1. Using 7 Å Cα-to-Cβ label points, what is the Y192/V243 separation (nm, one decimal)?
2. Could you state how much accessible area L197 has, in square angstrom rounded to the nearest 10, with a 1.4 Å probe and all protein chains kept in place?
3. With a 1.4 Å probe and all protein chains kept in place, how do R67, R228 rank by accessible area, largest first?
4. Summing +1 for each Lys or Arg and -1 for each Asp or Glu, what net charge is found among the other residues whose Cβ lies under 13 Å from the Cβ of L197?
5. Counting alpha carbon pairs within less than 8 Å and at least 6 residues apart, what relative contact order, in whole percent, applies to the stretch 167-237?
6. Place a point 7 Å from the Cα of S75 along the Cα-to-Cβ direction; which residues of the stretch 277-300 have their backbone N under 19 Å from it?
7. Report the local net charge at S74: Lys and Arg +1, Asp and Glu -1, summed over other residues whose C-beta lies under 14 Å from its C-beta.
8. What distance in nm lies between label points placed 7 Å from Cα along the C-beta direction at H298 and F97?
Amino acid sequence: MAPLAASSSIVEPAHIVEQAKLFKFGGLNRTFETSELKNLVHGLAVGSSGALGKILVGHPFDTIKVRVQTLGFSSPLAAVRRTIAGEGIRGFYRGIFPTVPGVWAYNSALMAGFNVAMGAIKTHRNEHGQLVSLTDIAVASTLGSLLAGTVTQPFDLLRVRAQIQHSSRFVQSTTLQTLRTIVRVGGLRGLYRGFSLTMMREAPANLFYFPVHELIMRQFDYGINSQRALEAPVKLSFLAGGVAGICNWIVILPLDVVRSRVFADSIDPSFRRYQNGRAVAHHILRQEGWTRFFLAWHLA
């Protein structure tokens, strides 16, 4: 689930670049400064603000998505029925414990990285009398994604393993037990199994999300370089975020399926079904068909 994209005030003359500016992000106003430390703090605050709602509303959908991707259900509805019959409502919230710190870490790291990068870019653009471009936003979002993916990888691994735990070969009763097993078998490196897939997933996701959001805002003269940036209607921000989110998931959903299966595979290398992500992709294409990559698209 991607965060809301950015818009800001028009580029100011160089002599007031260091002063506080209002920066609007997905309908939320906050002080934006070119100081990297202040950008970092602001990024952490904004990233944290949306974490709770994302968890409470989004986690059940994510659980069903992961189960469809990894456990062979023919449809999301089949996964929902099986979950209710076997586990009740509680089943939809499996993996909630690693998700809470994971979502906070992801949102905070993404926005902190984005704001630090954008602060440096804005300073450079101001010094040369230039406006922020879509390419600049894409670069900042990519850098934020790399930081966010690195931080959240272990939480994502633990979350997926908890979500499919009821039918996993090595059932663990708690997230802590799963964590201990992973570290015992593979060391700390085991927490980063599938890390390349995480990077391949996160960078394109936000590379599309932020620029698409900004492009839509610019069509109505509410873009990052506009004097009207802080006046953008909330409805427009939601519309831009929704369209950007759809573009985001269309691009990364196949990679998300592959990563989920790598995460769900056996902790013990000797029992693993797939050697790597490429093996997963080949298996799906040959045995299940390309439609399997998009079976849970409406849950994303």
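The values are calculated or read from the model by the stated rules, or taken from the named source; none is laboratory data. Everything numeric in this text was worked out from a predicted model, so none of it was measured. Here the Cβ is made from the backbone with ideal geometry for all residues, glycine too, and neighbour counts use every protein chain on show. Calculation scope for accessible area: heavy atoms of the full protein, side chains included, ligands and nucleic acids excluded. Shrake-Rupley method; radii C 1.70, N 1.55, O 1.52, S 1.80 Å.
1. 3.9
2. 20
3. Working: R67 0, R228 90 Å².
Accessible-area ranking of R67, R228, largest first: R228, R67.
4. On the way: positive: R193, R201, R259, R261, R278; negative: D156, E202, D256, D265.
Neighbour charge sum, excluding L197 itself: +1.
5. Values: 22 pairs, mean separation 8.6, N = 71.
Relative contact order comes out at 12 percent.
6. 289-300
7. Details: positive: R67, R81, R82, R292; negative: E288.
Once all neighbours under 14 Å are counted, the net charge is +3.
8. Rounded to a tenth, the inter-label distance reads 3.4 nm.
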